[in-house]
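Here is the structure we will look at.
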Amino acid sequence: MKILVCISKTPDTTAKIAFTEGNTKFDENGVQWIINPYDEWYALVKAIELKEKDASTIIHLVTVGLADAEPIIRKALALGGDEAIRVNSNSNDSFYVAKQIATIAKEGSYELIFTGKETIDYNSASIGSMLSAILDFPFVSLANQLDLNGNTATVRREIEGGEETCEVNLPLVISCQKGMAEQRIPNMRGIMAARTKPLKVVEPIETIARTSIKKFESPLAKSGVKLVDPTNMDELVKLLKEEAKVI
Amino acid sequence: MVLVYIDQADQQIKKSSLEAMSYGAALAKQLGCDVTALILGTVQNNLADLGKHGAQKVYHLKNESLNSLDVKLHSTLIATAAKNANATVVVFAHNINGKAIAPAVAVKLEAGIVTGASSLPNTENGFVVTKTVFSGKAFASIQIETAIKVIAINQNSFGLVDYDTSATIEEINISVPAPSIKITKVDKIEGEIPLTEANLVVSGGRGLKGPEHWNILLDLAKALGASTACSRPVSDSDWRPHHEHVGQTGIQIAPNLYIAIGISGAIQHLAGVNRSKTIVVINKDPEAPFFKAADYGVVGDAFEVVPALTSAILKMKSTA
Ligand SMILES: Cc1cc2nc3c(=O)[nH]c(=O)nc-3n(C[C@H](O)[C@H](O)[C@H](O)COP(=O)(O)OP(=O)(O)OC[C@H]3O[C@@H](n4cnc5c(N)ncnc54)[C@H](O)[C@@H]3O)c2cc1C
């Protein structure tokens, strides 16, 4: 079994979200970078769990990013995974990124491709779906459980108003969310091993981006909280009904 | 032509699809073109009623095998229908189905896509769509460079528009390929409005001390007709089910009213709820960071304030 796990670098969840260059660029000043939580906690750890069950499993990680993504990919390798591939490019266009990963996926003939359900920076939730279309593989989104039986995957996924179990043949693209695996912390052995694991850098294939970011904006700040006396809930109900008009 | 994909769950058209329909109709008006809805599978709704939200015409591919989500199948059929109709923009709801399908459709149409859109595009100079980024902590305006465009509009961000018309229905015939997945079990959460569709949400945090105290929150939710949510530690400790976890690493919601009870308002929590129209915070600590993001605040003990609020709501409802 060959698994490809897509890894994205995102700002830490507490990072200050600010912009520079006339609000056209994310201000990276002082920002701590992390592995996108969904990629790390669910996609990567699930792949590791599968390898623990079947030692012949091969896990490759892929990221589309510049050299500054390497600490993140090393951290991912410290958790697990056999080797990593970095496509030396940076783009905010989902199609551009998906096309790079699809190229790697085709060359490596992976049977399972994992993504997180979305990244916490651009929240586009697009890469998995796009990969499936480019590769012509089935796609299961929002998976929270996965069992493999030969060439068949049994996947539990979230649907509108509930959950569903389905059976799908490999090769397959899956987007992972909470429930899929238990978050882990890399141990010393893993960190040492990661230093010598192969990290291959490849140049991107030529692809024309289909979108471009023109500018960023911060949301309007709230005008300030109106405090209501805890012994006067009639007043709160009145405010919600007559002022906010939400009930 | 603007094509709006109307998705379904359990053979019912979702509110988020009606919002997408309203959005598509407004966009068609802005572009001076026609708008058509596309629905796959069999639904119990009267399809002509899609006219009430702006559809002029409804393409219907009536085939029971399309009632549950199969991204490979659905994206192929939607892309074919869009090509046959010469659609220039395809609109989806950014809900569970739309998130899964829309990017694949964009690939098949060689279209640029913006998911999580928050308003109509600016078409004065190009085609620029604003979307939420950084889990609602900012917006980005994104130019789509391709001839065909795909947009997935955020739930609860474009209000339903009512029209006084009825749509004509045209059954379409596209051959349906073999399914790529087989559904073996379905577990519905009965009787609850899915959180992402809820107008009113009551949410609890660690301040409620344990699952045995949730009845005060559930009573309030019942009095309001609200759905329930929780903070991450609450679902991590199994006090509440995982699907109630809201925040940066849970689900993101934008109800009209979000009532936070015993939740401190950590940045990761706020990221999931900051698009709510009105936020009420009930917390015994006046320094709780959540008050800075709130419209209304009550500094007090949840175990006293919440039952009092429930009574006040019931009183208001009985006299209304
Ligand atoms: C990478 C990462 C991702 C995360 N993602 C999420 C996420 O998606 N969603 C999320 O919610 N969290 C998330 N967190 C966790 C987040 O940082 C907070 O720890 C969490 O939101 C706190 O939950 P809480 O407010 O319920 O609990 P606490 O922070 O413990 O707050 C409890 C509050 O209850 C109040 N209280 C206590 N007793 C009473 C009473 N009797 N009456 C009224 N008020 C009372 C207290 O004053 C306090 O403000 C994430 C953290 C990290 C590091």
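Excluding same-chain neighbours fewer than eight residues apart, the aspartates and glutamates reachable from B:Lys149 by a Cα-Cα span under 12 Å are B:Glu110.
The angle separating the long axis of helix B:15-31 from the principal Cα axis of greatest extent in chain B is about 50 degrees.
So which GluC sites (Glu not before Pro) in region B:225-320 are both in a DSSP loop and have at most 13 other Cβ atoms within 10 Å of their Cβ?
Values: sites: B:Glu244, B:Glu287, B:Glu304; in loops: B:Glu287.
Here the sparse-neighbourhood loop sites are B:Glu287.
Averaging the sequence gap over all C-alpha pairs within less than 8 Å and six or more residues apart, then dividing by the number of residues, gives chain B a relative contact order of 15 percent. Say the cut-off is 29 Å between C-alpha atoms; which of B:Lys15/B:Lys277; B:Lys14/B:Lys317; A:Lys75/B:Lys108 go over it? Checking Cα-Cα distances, A:Lys75/B:Lys108 exceed 29 Å. Take every Cα pair under 8 Å whose residues are at least 6 apart in sequence, average their separation, divide by the length of region B:7-47, and the relative contact order is 55 percent. Seen against the Cα atoms of chain A and their longest principal axis, helix A:94-108 is set at about 20 degrees.
Considering only DSSP beta bridges with both partners in chain B, what is the antiparallel share in %, to the nearest 5? Please list the in-between numbers first.
On the way: 10 of 57 bridges.
Approximately 20 percent, going by the DSSP bridge assignments.
The mean sequence separation of alpha-carbon pairs under 8 Å and at least six residues apart, normalised by the residue count of region A:7-52, gives a relative contact order of 43 percent.
If you count Lys pairs in region A:169-247 whose Cα atoms are under 18 Å apart, skipping same-chain pairs closer than 8 places in sequence, the total is 4. Label separation (B:Asp162 vs A:Asp68): 5.2 nm, computed from points 7 Å beyond Cα along the C-beta direction. Here B:Lys62 is the anchor, and the aspartates and glutamates within straight C-alpha reach of less than 19 Å, apart from those fewer than 8 places off in the same chain, are B:Asp7, B:Asp10, B:Asp49, B:Asp70, B:Glu170, B:Glu171.
Helix B:71-84 and the long axis of chain B differ in direction by around 50°, with both axes built from C-alpha atoms. Of the listed residues B:Asp164, B:Asp295, the order by accessible area with a 1.4 Å probe, largest first, is B:Asp164, B:Asp295.
Springs between Cα atoms under 10 Å define the GNM used for chain A, and in it the highest mean-square fluctuation of A:Tyr122, A:Tyr38, A:Tyr96 occurs at A:Tyr122.
Chains B and A together bury roughly 6800 Å² of accessible surface, counting both sides and using a 1.4 Å probe on protein heavy atoms. Here the Gaussian network model covers chain B, with springs between Cα atoms less than 10 Å apart; of B:Glu192, B:Glu64, B:Glu212, B:Glu212 fluctuates the most. Rolling a 1.4 Å probe over the protein chains gives B:Phe291 an accessible area of about 10 Å². 3J(HN,Hα) along region B:215-227, derived from phi through the Karplus expression 6.51 cos²θ - 1.76 cosθ + 1.60 where θ = phi - 60°, amounts to 4, 5, 6, 5, 5, 5, 4, 5, 4, 8, x, 9, 8 Hz, with x in place of Gly and Pro.
The values are calculated or read from the model by the stated rules, or taken from the named source; none is laboratory data. Since this is a predicted model, take the numbers as computed values, not measurements. Here the Cβ is made from the backbone with ideal geometry for all residues, glycine too, and neighbour counts use every protein chain on show. Heads up: the accessible areas ignore ligands, DNA and RNA and are worked out on the full protein's heavy atoms, side chains in. Shrake-Rupley method; radii C 1.70, N 1.55, O 1.52, S 1.80 Å.
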